[in-house]
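Values in this text are rule-based calculations from the coordinates and carry no lab data. What you see is a predicted model; the values in this text were computed from it and never measured. Virtual Cβ from ideal backbone geometry, glycine too; neighbours counted across all protein chains shown.
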Amino acid sequence: MAKVEDRAPAAAAGLNDDIGEATRLRLYRIQVEIREAEQRAFDLFLQNLVKGTSHLSLGQEAVAAGFAAAMKSGDLSFCTYRGHAHTLARGVPIEKVLGELMQRDNGLMRGKGGSMHLTSAEHGVMGSYAIIGAHLPIACGAAWRAQYKGTKDVAVCFFGDGTTNIGAFHEALNFAAVWKLPVIFVCENNLYMEYTPIGDVTAVQHPAADRAAAYGLPRIVVDGNDADAVYRAASAAYAKARDGGGPSLVECMTYRHSGHSRADPAKYRPEGELEKWKARDPIKLYRERLKQFGIADNVIAEIDADVRRRVDEATEKCKAAPMPPRDILTKDVYADGGFAWRN
Amino acid sequence: MAELTYRDAVARGIAQEMARDPDVVFLGEDIGKAGGVFKATVGLYEQFGPLRVRDTPISEQAILGAAMGAAMTGLKPIAEIMFSDFFAVCFDYIANEFAKSRYMSNGQLKCPLVVRTGNGAGSRFGAQHSQSVENWCMMIPGLKVVAPSNPRDVIGLLAAAVRDPDPVIFFEHKSLYPTKGEVPDGEIVDALGSAKIVRPGKDATLLALALMVPRALAAAETLKSEHGIDCEVVDVRSLVPLDTQTILGSVGRTHRLFTVEENPRLCGWGAEIVSIVADEAFYDLDGPPVRITTPHIPLPAADILEDVALPTVERIAERVRRSLEN
């Protein structure tokens, strides 16, 4: 534990200690775990052990960590194809995620979903959706159920800046506002939809927040590379939703360090942009933050080492895991477990 | 026993299921206070209240997405898409989302929901409000697809759809809404995947769905009285699951197969059935299977044109007669 006198630098810097050490360490751990697991996924892709496509959240870890740390266990996450981070942040074992990326039998969905569809219902991860915007209305439905049953659970829906220009985004925002649903829409604005800058194809500067007024919602823009800022915005949105105050739309400004997907070397970025954002790397920022609050270097190093060890162990388990058996091919098309469409 | 219209049967079927299970909820455009644009949901808002019968904005993606999210988390939603033609603006949910989530999640997610929709021609509404689009849904693994032809089946199949653990697309035929039929008192629950022989016969099997069932029956009467041809008429009722046994059994007795389909010709449901019969009952057949369909055209608005586009009683009877006389 940090000693009282170690907290002096934070106080001197005028930093607010509203979050507390335990949560800060958790925020850090989640971010490091996402970073290490995503980096490993990339390495395994280079070794041809991760097949298909994959969309990494390198550089965007603070958004996933901030929202996950503010969640309660009954809350439900809805992710996009860039969903590894949000899945891991809910406590889904690394092995299950890497196993699915490697299309092994130990994967979350035994290879039937793949990187873009990570789902772990027992952890509240109600699917990752690969059609832009599709999951915003679906999250509304989960929020409707919570409202109808009076459970106080909140549905939270993560998506990229590109999603703000598709119809389902606008249908869902209006629907949620009219029905006052306990749902949070989280836009991770990483400046690029796929290869094209979002600003080149959007009528407003902030693609999500500048549309909030159209649905009677407040304009919220957050530093998405600062896990504390995200955590605070998330906590306020959860409290509002649980209180019957309806939906929130939160735009988190961030940046992806890699390309859109594994096929994209991201050569469209202007010179110096990546370096500028890497100087504000959320994990680097948060390490400094922890030090400002008097967390000892060895505590941080222990978290780093522990996460690395767990990613290594998960990788070895996945490499040793069998491929899925062929007989699952025709299972679970229908609720009877099979795929029969005729008698 | 009471005589009920097809549209009143819709409301009675929904009410039967909502009264039975508080997790059954209903959403759609104009379905609540207005009682539905086809007046098929009159009284439900008053009986079950605004928390269970919810009017939505004109947002078909939000309607089906919300139904899916509610179904995934434990409710049993019935969603209305006013015209089946509008499936085209929310097809992502039908084709990509609730049909596939169980499979993609390796069985972790479920979507027990019903999408009710007004399908079919006869209202002079033109090409974007008149289509028969059962085949759009039939081809998607993970969906079940039903289309009742009479008030009793509306209630029985709707109840089966609501109680089914899979997503079910429920096609109501707009031109059948005013038609009447005898409906027994008390709860009615059918099984999905059962066809019904609605007229026994020995010379030919006519397979029909929804509005084409009464037309096939009328054609069968003409064929009998004017030509002595005794047709068996089978109401297919459920395209997925498909009651292949009833169909093959009928063909095995009559040795001739005709499908009567409202959809435009290409890839209509009858094509799949003809393929099954060709594969599994080829040597039962005394002649080539015949598909009687709407031509490969968008539907026109003018009554005189729309009337000749769909299979008519006269066209059905003439086509059967010509085939059997050759």
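A few notes on this one:
- Test result for B:Asn96, farther than 24 Å from A:Ala176 by Cα and of a type outside the set (A, V, I, L, M): no
- Residue match in region B:256-273 (condition: of a type in the set (Val, Ile, Thr) and more than 17 Å from the chain's Cα centre (by Cα)): no
- Considering (1) away from chain B (no Cβ under 14 Å); (2) surrounded by 24 or more Cβ atoms within 10 Å (Cβ to Cβ); (3) of a type in the set (Ser, Thr, Tyr), the lone condition that A:Ser73 does not fulfil carries the number (2).
- Filter pass, A:Lys319 being more than 26 Å from B:Ser105 (Cα to Cα) and away from chain B (no Cβ under 14 Å): no
- The set of residues from region B:123-135 being in contact with a Leu (Cβ under 8 Å, 6 or more places away or on another chain), not hydroxyl-bearing (Ser, Thr, Tyr) and not in a helix (DSSP H, G or I) comprises B:Gly126, B:Ala127, B:Gln131.
- Looking across region B:226-239, just one residue is within 12 Å of chain A (Cβ to nearest Cβ) and touching a helix residue (DSSP H, G or I) at 6+ places or on another chain (Cβ under 6 Å), and that is B:Leu239.
- Pair list, Cβ under 8 Å, 6 or more apart: region B:34-55 residue away from chain A (no Cβ under 14 Å), other residue basic (Lys, Arg) and part of a loop (DSSP other than H, G, I, E, B): B:Tyr45/B:Lys33
- Of all residues in region B:164-191, those satisfying the criterion of being within 14 Å of chain A (Cβ to nearest Cβ), within 15 Å of B:Leu242 (Cβ to Cβ) and in contact with a Gly (Cβ under 9 Å, 6 or more places away or on another chain) are B:Asp166, B:Ala191.
- Subset tally (residues that are in contact with a strand residue (DSSP E or B) (Cβ under 7 Å, 6 or more places away or on another chain) and in a helix (DSSP H, G or I)) for region B:272-326: 10
- Check on A:Leu44, in contact with a Ser or Thr (Cβ under 8 Å, 6 or more places away or on another chain) and among the hydrophobic types (A, V, I, L, M, F, W, C): yes
- Enumerated helices (runs of 4 or more DSSP H) restricted to region A:219-297, each holding at least 3 residues that are in contact with a helix residue (DSSP H, G or I) (Cβ under 6 Å, 6 or more places away or on another chain): A:227-242, A:282-292
- Of all the criteria given as (1) touching a Gly at 6+ places or on another chain (Cβ under 9 Å); (2) more than 14 Å from every other protein chain (Cβ to nearest Cβ); (3) among the aliphatic types (A, V, I, L, M), the one not satisfied by A:Ile295 is (1).
- Residues within region B:69-85 that are more than 8 Å from chain A (Cβ to nearest Cβ) and of a type outside the set (Ser, Thr, Tyr), tallied: 8
- Exactly one residue among B:Val133, B:Val146, B:Val114 is touching a residue at least 12 places away in the same chain (Cβ under 8 Å) and closer than 20 Å to B:Leu75 by Cβ, and that residue is B:Val114.
- Residue list for region B:136-163, filter: buried (at least 22 other Cβ atoms within 10 Å of the Cβ), assigned to a loop (DSSP other than H, G, I, E, B) and within 14 Å of chain A (Cβ to nearest Cβ): B:Gly142, B:Leu143
- Test result for B:Gly201, at positive phi and touching a Ser or Thr at 6+ places or on another chain (Cβ under 9 Å): no
- Filter pass, B:Ala9 being part of a helix (DSSP H, G or I), surrounded by 20 or more Cβ atoms within 10 Å (Cβ to Cβ), at the interface with chain A (Cβ under 9 Å from one of its Cβ atoms) and not basic (Lys, Arg): no
- Pairs with Cβ under 7 Å, 6+ apart, first in region A:323-343 and within 7 Å of chain B (Cβ to nearest Cβ), second β-branched (Val, Ile, Thr) and part of a loop (DSSP other than H, G, I, E, B): A:Phe339/A:Thr330; A:Phe339/A:Val333
- Residue in region B:179-201 that is in a loop (DSSP other than H, G, I, E, B), touching a residue at least 40 places away in the same chain (Cβ under 8 Å) and farther than 30 Å from B:Asp23 by Cα present: yes
- Matching residues, region A:46-88, being touching a strand residue (DSSP E or B) at 6+ places or on another chain (Cβ under 9 Å) and among the hydrophobic types (A, V, I, L, M, F, W, C): A:Ala62, A:Val63, A:Ala64, A:Phe67, A:Ala68, A:Met71, A:Leu76, A:Phe78, A:Cys79, A:Ala85
- Within region A:118-134, at least one residue is touching a Cys at 6+ places or on another chain (Cβ under 9 Å), among the hydrophobic types (A, V, I, L, M, F, W, C) and facing chain B (nearest Cβ under 7 Å).
- Qualifying residue in region A:41-64 (condition: under 30 Å from A:Lys152 (Cα atoms), part of a helix (DSSP H, G or I), in contact with a helix residue (DSSP H, G or I) (Cβ under 7 Å, 6 or more places away or on another chain) and within 14 Å of another protein chain (Cβ to nearest Cβ)): no
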